[in-house]
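What follows is a set of notes on a single structure, which appears directly below.
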Amino acid sequence: MTKRQPPVDGLCEECGFNYGTGDLQGTVTLLVRQAAETAMALTKAAAGPDPDVVRLRPEPDVWSAIEYACHVRDVLEVQRLRIAQCLAEDRPMYAPMDRTGRVKEAKYEDQNPVEVAAALMRFAREFGAAARVLTPAELGRLGLYNYPVRAPRTLSWIVRHTAHEIQHHRHDLISILAEVEPPIVPAPRPVEDGTDQEATAPEGVTS
Ligand SMILES: [Zn+2]
């Protein structure tokens, strides 16, 4: 969950993804590599001194690293199924993936980071395998896509958009881990200006 909705065309200034550049094979290679980087960042943080760092939300309405990783994993699976649906149906209408509902329903925050990372990489390879073999005619096939607004989209766009999702959330996940690490049990530190910090400091730290 990001506060601003990332673009679905052109250049994303936040993560640098550009819908207008790169061929199919290059886009898929980028996607698989960035999925692996996302998985590695997650497992590395989970293997650190405080494994729960992956479950920390930097702000109440910003997802934690494990929540982003679960989202990316699910996006990869849903998008692969959409490729199959588009090849099988004449006018496919994709069911919304319910990105926010899944967070609670699938208990993203309780999931095992090692298992999530492994599934994320497996789904990236499977998505990549499905995308790499698409012919130019198949890449031009249309389906009705719901996000961010209901619109007909080509399979070519779906592949690029999926690559953007991975790049964008890799960026989110790494930024969040940088923000929350090193975490959790900070050494007591002197109150700097004695104003509002007194009120929010944990009990015992300031006495
Ligand atoms: Zn982006």
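The values are calculated or read from the model by the stated rules, or taken from the named source; none is laboratory data. What you see is a predicted model, and the numbers here were worked out from it, not measured in a lab. Every residue, glycine as well, gets a Cβ built from its backbone with ideal geometry; the counts of neighbours run over all protein chains shown.
Some values worked out for this structure:
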{"item": "Identity of the residue in the range 22-56, more than 16 Å from the ligand (Cβ to nearest atom) and of a type in the set (Gly, Ala, Ser), that ends up nearest to Asp172 (Cα to Cα)", "result": "Ala41"}
{"item": "Entirely in the range 34-147, the helices (runs of 4 or more DSSP H) that have 3 or more residues that are among the charged types (D, E, K, R), over 19 Å from Val8 (Cβ atoms) and in contact with a Lys or Arg (Cβ under 6 Å, 6 or more places away or on another chain)", "result": "none"}
{"item": "Glu37 over 14 Å from the mean Cα position of the chain (by Cα) and either of a type in the set (Ser, Thr, Tyr) or at negative phi (or both)", "result": "no"}
{"item": "Search result, residues across the range 17-33 that are surrounded by 19 or more Cβ atoms within 10 Å (Cβ to Cβ) and either outside any helix (DSSP H, G or I) or touching a strand residue (DSSP E or B) at 6+ places or on another chain (Cβ under 9 Å) (or both)", "result": "Phe17"}
{"item": "Tyr19 hydroxyl-bearing (Ser, Thr, Tyr), within 23 Å of Leu134 (Cα to Cα), modelled with pLDDT of 95 or more and away from the ligand (no atom under 16 Å from the Cβ)", "result": "no"}
{"item": "Matching entry among Gly128, Gly101 (being crowded, with 19+ Cβ neighbours inside 10 Å and out of contact with any Cys (no Cβ under 7 Å at 6 or more places or on another chain))", "result": "Gly128"}
{"item": "Among the candidates Thr38, Thr43, Thr100, residue that is of a type in the set (S, T, N, Q), touching a residue at least 60 places away in the same chain (Cβ under 8 Å) and touching a Pro at 6+ places or on another chain (Cβ under 7 Å)", "result": "Thr43"}
{"item": "Count of residues meeting criterion [within 11 Å of the ligand (Cβ to nearest atom), exposed (fewer than 12 other Cβ atoms within 10 Å of the Cβ) and free of Cβ contacts under 8 Å to residues at least 60 places away in the same chain] in the range 1-16", "result": "3"}
